[in-house]
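These notes are about the structure you will find just below.
The values are calculated or read from the model by the stated rules, or taken from the named source; none is laboratory data. Owing to the predicted nature of the structure, the values given are computational and were not obtained by experimental measurement. Don't worry about glycine lacking a Cβ; one is built from the backbone with ideal geometry, like all the others, and counts go over all protein chains shown.
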């Protein structure tokens, strides 16, 4: 029952972020121009009846960059670092452009590249002993954060306490809207591992929620706060 409650909370919160990030935004979502040459998106004939040109890298950048940025920020917490991860993903896509079948394959490549790039960032932080506590004051876009209720912010903070693999699976499922098969492809794990990892992650979120509820009801008793990271 607690795990189901945690799943509903994560689904509502990341669904809210997905809705916020899906709103139209100027240029590429940040006011920054695409680094790739402009191209005409595919999907139907143009005004004179001539079929559109094939999808370009600039089209993918325009259509998917904001969602990939949010995905990276949920994984690595710091906007500037997330920006670097996403730019690296598009740079890698440019190198592999000729070998990709279609837009679906390109988007799958980008998702996997963002996940792998985020993992590399977290490994470097641990190695250098410079890990930044998740969701500090500058951890996310202030505009998006202001649009979240206190309950939703609490869930995002709880996600930040999860081990990286557990966080990846929940973010890809409930923010990315991916199936188990798609998560397995993006995160480089089996479908069975996706299911078990998601279950452990939701159980951990449920424990955080229960602990926070208990702490709120017993503040005068001086109960200890949450651990820095769930294991």
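Kindly evaluate residue 225 against the criterion of being modelled with pLDDT of 65 or more and under 25 Å from residue 4 (Cα atoms).
no
Here are the criteria: (1) in contact with a helix residue (DSSP H, G or I) (Cβ under 6 Å, 6 or more places away or on another chain); (2) touching a residue at least 40 places away in the same chain (Cβ under 8 Å). Tell me which single one residue 160 does not satisfy.
(1)
Which is surrounded by 14 or more Cβ atoms within 10 Å (Cβ to Cβ), out of contact with any strand residue (DSSP E or B) (no Cβ under 8 Å at 6 or more places or on another chain) and either within 13 Å of residue 159 (Cβ to Cβ) or modelled with pLDDT under 85 (or both), of 189, 209?
On inspection, the qualifying residue turns out to be 209.
Under the condition of being at pLDDT below 80 and surrounded by 14 or more Cβ atoms within 10 Å (Cβ to Cβ), which residue from the stretch 41-74 is farthest from residue 21 (Cα to Cα)?
52
Report yes if residue 152 is over 22 Å from residue 63 (Cβ atoms), touching a helix residue (DSSP H, G or I) at 6+ places or on another chain (Cβ under 8 Å), at pLDDT below 90 and not in a helix (DSSP H, G or I), otherwise no.
For residue 152, the condition - over 22 Å from residue 63 (Cβ atoms), touching a helix residue (DSSP H, G or I) at 6+ places or on another chain (Cβ under 8 Å), at pLDDT below 90 and not in a helix (DSSP H, G or I) - is not met.
Please name all residue pairs, on different chains or six or more residues apart, with Cβ atoms under 6 Å, provided the first residue is in the stretch 42-65 and is more than 27 Å from residue 91 (Cα to Cα) and the second residue is modelled with pLDDT of 55 or more.
46/52
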